[in-house]
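The values are calculated or read from the model by the stated rules, or taken from the named source; none is laboratory data. Keep in mind the model is a prediction, meaning the values are calculated, not measured. For neighbour counting, all protein chains shown are included, and Cβ atoms are generated from backbone atoms with ideal geometry for every residue, glycine included.
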Amino acid sequence: MHNSIVLVCAADDNYSMPLAATTCSVVANMKNPQNLSLYVIDGGISPVNKTRIIQNLKSEQVKITWIKARRSQFKNMQISSTVTIAAYYRLLIPALLPSDIEKAIYIDSDVIVRSDIETLWHTEIGDKYLLAVQDMGAPLVSSPRGLVNYQELGIPADCKYFNSGVLVFNLKKWRQDNTSLAVIKYLNDYKQYVRWFDQDGLNAILAGKWGEIDPRWNQMPYLFRFGSWQESPFSQQEYYNLLNNPYIIHYSTREKPWHDNCSHPQKELFYQYLDNSIWSKWYTEQAAKKRRQKQMAVFQNMYGSFKQQIKSLIKAS
């Protein structure tokens, strides 16, 4: 039986710098970081950035175990400008982690942890498949941003919808019931209804089968859209606790702290967990990468147009 606190993150190279800030914030807020077993599902993080992530941790007590992910399982999945294939890797956690690990915390790479995750680790999970926080932008499956096809699936309208950015997995139960396969099958079978990537699949399969944790473990930007606690779904105390003392800040919208357009009121907190001497070159590397991608896209468009012209000429002759 595995006794240490098991934390899993997943990222590709684009999210290597955010991952560094996230993991550093975890370790910085732990009383006993030597109790942490940190696993990173590696979606193509370069050796240079792996070294930077390790250096940024500033703790020799914490060892990172890198796990290579098989992208092929998710080749048909939806992605976006801010959500890559790495978002689906959390579905592989039960299969990728050693079989003696029966529980794991998963956090996205766009979060900053402000409290000791040992408290979260000791939360009772019971016979639930996972623990999560109700989504602040889609509290119910029937919300405008909830599950499009909840009625077709036979899920009650008042069933709560959770955010998948912070999860506590009951790995034993997932393995017993092949839950990962069920979620992946749903994402493939109902692709036309999926809007929020892995999160929709998880909510469709685990409707009514997950447990709630204190919402402070996943403070989302939607909180700031409420003018007062009366406008929010929270009690007065919950609202002010969430606003003033979140345990985890989740930058869950398209606006990320490392983007110029980010208006999140706690944007600067993200940078407190980054060593500028380590990450100063990352920004120039990312800019160069984007330029190359744009140039490649232009070339491919020109090449496609040229091929079409040649085909037209051959037909005409």
Legend entry - Of residues in region 234-261 being at pLDDT below 90 and out of contact with any helix residue (DSSP H, G or I) (no Cβ under 9 Å at 6 or more places or on another chain), the one surrounded by the fewest Cβ atoms within 10 Å (Cβ to Cβ): 260
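To keep it simple, each residue is scored yes or no on (1) without any contact (Cβ under 8 Å) to a residue 24 or more places away in the chain; (2) assigned to a loop (DSSP other than H, G, I, E, B); (3) among the hydrophobic types (A, V, I, L, M, F, W, C).
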site	(1), (2), (3)
123	no, yes, no
128	no, yes, no
132	no, no, yes
136	no, yes, yes
143	yes, yes, no
147	no, yes, yes
154	yes, yes, no
158	yes, yes, no
163	no, no, no
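How many residues does region 220-246 hold that are under 24 Å from residue 196 (Cα atoms) and not small (Gly, Ala, Ser)?
So in region 220-246, the residues under 24 Å from residue 196 (Cα atoms) come out as 220-226, 232-234, 242, 246.
With the extra rule that they be not small (Gly, Ala, Ser), the set shrinks to 220-226, 233-234, 242, 246.
The total comes to 11.
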Legend entry - The lone exception for residue 135 - which of (1) closer than 30 Å to residue 37 by Cα; (2) surrounded by fewer than 23 Cβ atoms within 10 Å (Cβ to Cβ) it fails: (2)
Inset, instruction - Select from region 164-183 the residues that are in contact with an Asp or Glu (Cβ under 9 Å, 6 or more places away or on another chain) and of a type in the set (A, V, I, L, M) and list them in ascending order. - result: 166, 171, 183
Inset, instruction - Please specify each residue of region 98-121 satisfying the condition of being more than 29 Å from residue 13 (Cβ to Cβ) and either touching a Ser or Thr at 6+ places or on another chain (Cβ under 7 Å) or not assigned by TED's automatic domain parsing to the domain that holds residue 254 (or both). - result: none
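Could you please find all residues in region 165-176 being touching a residue at least 12 places away in the same chain (Cβ under 8 Å) and out of contact with any His (no Cβ under 9 Å at 6 or more places or on another chain)? So that I can check it myself, show each step before the final result.
As a first pass, look at region 165-176 and keep what is touching a residue at least 12 places away in the same chain (Cβ under 8 Å): 165-175.
Scanning region 165-176 gives 167, 168, 169, 170, 171, 172, 173, 174, 175.
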Inset, instruction - Spot the failing condition for residue 146; the list is (1) touching a helix residue (DSSP H, G or I) at 6+ places or on another chain (Cβ under 6 Å); (2) buried (at least 17 other Cβ atoms within 10 Å of the Cβ), and only one is missed. - result: (1)
Inset, instruction - Keeping to region 241-281, report how many residues are more than 17 Å from the chain's Cα centre (by Cα) and of a type in the set (A, V, I, L, M, F, W, C). - result: 7
